[in-house]
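Below you'll find the structure, written out as structure tokens, and then a few comments.
The values are calculated or read from the model by the stated rules, or taken from the named source; none is laboratory data. Note that the coordinates shown come from a computational prediction; the quantities given were computed from them, not determined experimentally. As a convention, Cβ positions derive from the backbone with ideal geometry for all residues, glycine included, and neighbour counts pool all protein chains shown.
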Amino acid sequence: MLQAAALAGAVVRPWPNPPVGAVILDPAGREIGRGWHERAGGPHAEVAALAAAGNRARGATMVVTLEPCRHRGRTGPCTERILASGISRVVYAVADPTAAGGGAADLQRAGISVVRDDPHQAAAVLLEPWLFHLRTKRPWVTWKVAASLDGSIVRNGADTRDPQQRWITSPESRQEVHRLRAQVGAIVTSTATVLDDDPLLTARPQPPLPGRAPDPLRVVVGERSLAGTRLGAAIATGEALGLPRCPPAEVLAVLHERGVHHALLECGSRLAGAFAAAGLIDELIWFIAPVILAGPIPALSWPNGEGDLSLAHWRVTPIGVDLCVRARVQR
Ligand SMILES: NC(=O)c1ccc[n+]([C@@H]2O[C@H](COP(=O)([O-])OP(=O)(O)OC[C@H]3O[C@@H](n4cnc5c(N)ncnc54)[C@H](OP(=O)(O)O)[C@@H]3O)[C@@H](O)[C@H]2O)c1
């Protein structure tokens, strides 16, 4: 299951579909096929793995992160393909709560041994934003910050339109941000950040991740004119979305309407504070550089001057010379 989740997690998100990976094992436990869902309308992970395994699938075990679908969507039910392949056992991690669900029971009725198992919670974590948006009717929000050890997000006196002066963290951390962007449906920022930094906010991971999902929707919130900025130009041509200053819940409602289930918040302290105060940050990813800046802007300012975010599932990983802290916001 770890392998199946890793396959699904290493590609561009097949937005608006969930990320799914599958591995097929022969009776001796050797891998004979692997697959992942690369884009909406393309083959599902199970079908890709079955194609790789070919005739060897007969009598084999399929391990898949999400319950195989039983519905006739754009690509046909996976359950039928599994039955036709001669697979004798299916292990899946997460039940599908949508109209496509129920495939596990169908397979069992047809005589296949079906087990639900995710010992390391790898698939559950991977699918959390998708499950969350189905449950709550709003996207899961990951707040990304690049900060100094003392929590400053801007260097003193830096010309923030010059990336060399603006960047706080290492090239490795910035690459990780590109990978994150490739895996979300939208990136949310503010007029203030666009006017200060003139960012592009596109996903440019190197090497590129497999998959062909569209670039995330870039959303800029605020009243000020963005004339002379690259995102201002993209909004004018309809390639990005500009929203007037509004409560964060309204931003997320617009994204939900567009089918976004995971949004990355990349902004300064005030918009982050508005999201945090509204209880609309679900997870954070902070890249902390080995520098103390005592800079002009902290990562977060509360709109009414006070508050706190309690964190759980704290994971710290070294990346380049930085630390990456990933945590869930506790409610
Ligand atoms: N290191 C990092 O990770 C990182 C990431 C992004 C940005 N930054 C830095 O952050 C700096 C900007 O930070 P900041 O704190 O000044 O600005 P900010 O939080 O990025 O944006 C504040 C602006 O957001 C707009 N806005 C829309 N809805 C809002 C709401 N509900 N509540 C509050 N504001 C709302 C308003 O624009 P209007 O006034 O136009 O309505 C407001 O002035 C930039 O210099 C940039 O370099 C750093």
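Summary table
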{"quantity": "Test: GLY54 is over 21 Å from LEU209 (Cβ atoms), at pLDDT 95 or above and in the same structural domain as ALA105 (by TED's automatic domain parsing)", "calculated": "yes"}
{"quantity": "Any hit, region 234-243, residues being out of contact with any His (no Cβ under 7 Å at 6 or more places or on another chain), outside any loop (DSSP other than H, G, I, E, B) and within 9 Å of the ligand (Cβ to nearest atom)", "calculated": "yes"}
{"quantity": "Where a residue in region 88-103 is of a type in the set (Gly, Ala, Ser) and its partner, wherever it lies, is exposed (fewer than 15 other Cβ atoms within 10 Å of the Cβ), with Cβ under 6 Å and at least six apart", "calculated": "SER88/GLY59"}
{"quantity": "Among the candidates GLN108, GLN164, residue that is within 23 Å of ILE187 (Cα to Cα) and either more than 27 Å from the chain's Cα centre (by Cα) or modelled with pLDDT under 95 (or both)", "calculated": "GLN164"}
{"quantity": "Residue check for ASP322: under 19 Å from the mean Cα position of the chain (by Cα) and either farther than 22 Å from GLU128 by Cα or of a type in the set (Asp, Glu) (or both)", "calculated": "no"}
{"quantity": "Condition check for GLU257: charged (D, E, K, R), free of Cβ contacts under 8 Å to residues at least 24 places away in the same chain and within 12 Å of the ligand (Cβ to nearest atom)", "calculated": "no"}
{"quantity": "All strands (runs of 3 or more DSSP E) inside region 248-331 with 2 or more residues being over 25 Å from ARG218 (Cβ atoms), modelled with pLDDT under 95 and not charged (D, E, K, R)", "calculated": "311-319"}
{"quantity": "Those residues of region 49-72 which are within 22 Å of HIS262 (Cβ to Cβ) and in contact with a strand residue (DSSP E or B) (Cβ under 7 Å, 6 or more places away or on another chain), in sequence order", "calculated": "VAL64, THR65, LEU66, GLU67"}
{"quantity": "Which numbered condition LEU252 misses (of (1) buried (at least 16 other Cβ atoms within 10 Å of the Cβ); (2) within 9 Å of the ligand (Cβ to nearest atom))", "calculated": "(2)"}
{"quantity": "Per-region count, region 56-76, residues closer than 29 Å to ALA28 by Cβ and either in contact with a Pro (Cβ under 6 Å, 6 or more places away or on another chain) or not basic (Lys, Arg) (or both)", "calculated": "12"}
{"quantity": "Hey, THR189 near the ligand (Cβ under 10 Å from one of its atoms), under 25 Å from the mean Cα position of the chain (by Cα), within 24 Å of GLY228 (Cα to Cα) and of a type in the set (S, T, N, Q) or not", "calculated": "yes"}
